[in-house]
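Presented below is the structure to which this report refers.
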Amino acid sequence: MTKIQLKNIRIYELFRQGFDYWKRYSFRMEYTNIEYEQNIIPMSFRTFCRTIFIELNAWSAIIYMFSMITWPDNEIFIEIEDIEHMMNVKHITILAIEMISAFFILELMWFQLFHDIIQYRSSFNEFFANNWNYDDRQHFRPKKRLYLIKFYLNSNSMAIIIYWIVMTSVFFLLIIHIFYLFVFYVDGRINLLEMFICIPLTAMIVSHLNIITNHQLLSCNFLVFLMEFFKIRFEQLLFISNAITNQSEQKRKIFWKHFQNEYVELYREISRLNCTIRRILFDMEMISKSSIITTCIFYSRQTNLNVFNMTAIGAMLSRFILTTMLYSRVSRLPAYNQHCCRSIMKGLCRLQWSTSNQLSSSDRTLRLWPKIIKNRTSHDLIRKNLFLQTMSSNQFVIFDDNNGLFINLDDIGRIVNTQRIDLVSIQMLIFLIIFEIIWLNSCYSLMNYRSSMDELFIRYSIEFDDNRIGLHSRTYLIRFYIVFNTIVQSLYRMIIIMILIIITLFSIILYSLYLKGNFTLLQTILSLLMNFSLVIQIINVIGRVTTILNFIVFLIEFYKVQLDHLMRLTRNQLNSHLKNLKELIMNRSWKRFHNDYVKLYSETAKSNRSIRVILFYLETASKTSLISSCLYYSQQDQTTLYNLTVILIVLSMFGLTNGLYNRIAHLPSCNQRCCRNLMNWNAHSQWKKQTYRSQNRIISIRNSIKTNFAIQMINENHFGFHCGQMFFITNFKYIELLLQNIPLIILFYKKFCMMQK
């Protein structure tokens with residue numbers, strides 16, 4: 001194309017061609033720029049004909065490939081092994097998974113763009129409307145204007161060439177695939193139904209690949225041109241910034257005002273356009289990452305290279321290369337912003353230096369009006385310095401802190417009227433991780449048949465006799481379980497009701513904010529889905545906590561009652577046998593007690609293997625919950641239903657864990673009381689034996705030694721439960737842990753306050 005022909009091309013014509021590309025392949029609608037600008041897009045078949053056709057193709061292709069992967073042995077679709085044999089490739093399932101993910105991501109991106117257009121909130125369309133008759137000859141110098149036109153024509157030609165190469169290869173593969181389908185049908189490897197279903201569905205996949213290739217090459221090529229368009233405008237601003245300091249006072253003011261207006265206008269356009277482009281870049285980045293990973297995996301599984309796998313690898317690599325090229329153009333905008341800022345800072349320093357010299361060596365007129373001139377000069381310098389600070393802090397780049405998918409924590413905090421909701425999020429994350437670890441430990445022990453809790457359930461469900469603990473103890477245990485279970489269930493239901501009220505109010509407020517335009521439809525839907533799944537998980541976790549704690553507390557009370565009953569029954573029998581010398585010598589009551597005690601201790605020790613792990617993680621959750629609740633409460637301005645519920649849930653973890661420790665600490669105390677009673681009995685029995693001169697003196701001495709040794713072992717036994725591998729839970733340790741919470745809270749609160757300052 002000659003230079004004269006290039007001069008006749010206008011940049012607004014390139015914008016209109018870009019609008020046509022995006023309308024066809026990205027927005028998938030048929031409308032004009034005037035219809036969008038005047039908010040009169042017709043809701044007719046003509047408008048949505050392309051949308052219906054492309055959506056049918058897309059979802060038919062997704063369902064077809066998904067069915068082939070998840071339902072390989074069927075009588076409707078052709079088997080994957082047959083397709084691999086036709087194309088002479090290995091592991092074509094990898095390509096199918098990549099195509100499903102890419103199709104789904106692009107459908108999600110289209111839905112976002114489509115929703116913005118229907119709501120007339122598409123910043124991309126607004127850009128086209130504002131620049132539909134763009135006067136490039138007024139805004140660009142001739143050299144830069146010709147460069148932009150050449151850049152677009154060359155990049156667009158390259159994109160079209162790549163498109164034809166890719167689609168020619170794809171259509172060639174489609175013909176080969178149809179040929180092999182007939183060959184397989186003639187050989188009897190597939191039936192007529194499979195052949196007639198496979199051909200149109202494969203054609204739908206190819207048709208949708210055609211749309212996607214156009215989007216990724218032609219539409220995204222316009223994005224690259226758009227970044228170059230903004231870059232050239234920045235270069236002209238940089239030229240103006242360099243020329244400001246070399247002008248006279250009057251021209252300097254004109255140049256500065258021109259630069260400031262152009263800069264603000266350019267920043268406004270880019271920040272507005274960023275509302276749409278950031279979502280497109282996010283989806284393209286996801287496709288790019290998945291494609292490069294899939295390419296490496298797919299290439300490593302191939303035994304030879306042919307047209308099919310070379311085309312597949314080239315198509316997936318082109319996604320990665322195009323996204324990287326687009327990022328390379330986008331990343332230049334912040335660099336040019338910094339160049340402009342540095343250039344103006346240098347010029348401003350020279351201006352301030354020269355102004356100070358002029359004021360010091362001014363003539364008589366200046367000396368008559370020193371304050372007026374000084375004030376005006378200071379005012380101008382302050383305004384320029386402030387503008388430069390704003391320029392240097394501007395994130396002149398296509399991105400946003402809000403990823404366009406989810407609502408920020410700050411927005412959620414405003415919805416539920418609370419402060420520092422990040423503390424709640426961190427604590428919830430800790431809770432979820434801890435209980436997932438508990439589940440993994442339990443699942444691992446169960447799969448390896450080493451779960452002591454399951455052994456306990458099996459043994460007690462088959463062998464346990466209620467008469468072992470007596471009627472009074474049995475009645476006490478049943479009442480204890482009913483009362484404690486009622487309390488725990490009431491607390492659980494109260495928390496669940498408060499959570500459901502909060503999520504209902506959250507959904508209503510979120511929907512009202514969506515109607516006001518504060519959030520997008522995608523953000524609203526995803527936030528509702530994620531919050532509902534989070535609420536379900538929280539309810540599940542609370543249910544698991546209450547169930548675990550309820551049963552462990554009952555189990556501790558069950559062991560305690562057994563030990564108390566054994567000690568009380570044995571004490572009566574042993575004291576009565578002190579009067580019967582024959583029974584005293586034979587030690588029958590002692591033997592019964594010793595056997596029952598060893599059996600009970602063995603059961604407790606086995607249960608400790610599983611319970612100590614649970615207690616360790618519960619102690620971790622308890623400490624973090626206490627610290628988080630104190631920090632969270634200290635940051636609240638007022639008390640609301642939300643922060644009351646959060647504090648109640650978090651503190652209930654601490655209260656239930658300490659209540660559990662309180663019950664566990666009774667077991668070592670009962671063991672010590674039992675040991676003291678046995679020592680008293682042993683002392684009396686040995687004194688009685690010394691007064692009786694038995695003929696079986698050797699047997700009596702042997703029994704005394706065994707009894708003394710057994711009582712010493714009872715005294716040293718850790719009859720109870722451990723907190724992991726850290727410590728054995730006793731009354732002393734329980735009180736020590738309670739007192740340690742106070743300095744722990746103070747230290748964390750002090751550190752948090754210092755970080756806030």
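The values are calculated or read from the model by the stated rules, or taken from the named source; none is laboratory data. Only a predicted model underlies this, so the values are computations on that prediction, with no experimental measurement involved. In this analysis, Cβ positions are derived from the backbone assuming ideal geometry, glycine residues included, and neighbour counts consider all displayed protein chains.
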Within the range 146-156, does at least one residue satisfy the condition of being modelled with pLDDT of 85 or more, surrounded by 13 or more Cβ atoms within 10 Å (Cβ to Cβ), more than 30 Å from Leu237 (Cα to Cα) and in the same structural domain as Phe308 (by TED's automatic domain parsing)?
no
Restricting the search to the range 9-33, which residues are outside any loop (DSSP other than H, G, I, E, B) and either among the acidic types (Asp, Glu) or not assigned by TED's automatic domain parsing to the domain that holds Ala159 (or both)?
Glu13, Asp20
Any residue in the range 483-496 that is more than 38 Å from the chain's Cα centre (by Cα) and either closer than 28 Å to Ile433 by Cα or assigned to a helix (DSSP H, G or I) (or both)?
yes
Kindly indicate whether any position in the range 52-66 is in contact (Cβ under 8 Å) with a residue 24 or more places away in the chain, in the same structural domain as Phe127 (by TED's automatic domain parsing) and in contact with a Ser or Thr (Cβ under 6 Å, 6 or more places away or on another chain).
yes
Which helices (runs of 4 or more DSSP H) sit wholly inside the range 91-208 and have at least 1 residues that are closer than 19 Å to Asp20 by Cα?
92-118, 123-130, 142-186
Being in the same structural domain as Tyr617 (by TED's automatic domain parsing), at pLDDT 75 or above and outside any helix (DSSP H, G or I), is that true of even one residue in the range 428-437?
no
Of (1) aromatic (Phe, Trp, Tyr); (2) within 28 Å of Trp110 (Cβ to Cβ); (3) crowded, with 16+ Cβ neighbours inside 10 Å, Phe140 fails just (2)
Out of Ile232, Ile244, Ile254, Ile240, report the one residue that is at pLDDT below 80 and touching a Lys or Arg at 6+ places or on another chain (Cβ under 9 Å).
Ile244
Given the residues Ile63, Ile54, which is the only one that is at pLDDT 85 or above, in contact with a Lys or Arg (Cβ under 6 Å, 6 or more places away or on another chain) and outside any loop (DSSP other than H, G, I, E, B)?
Ile54
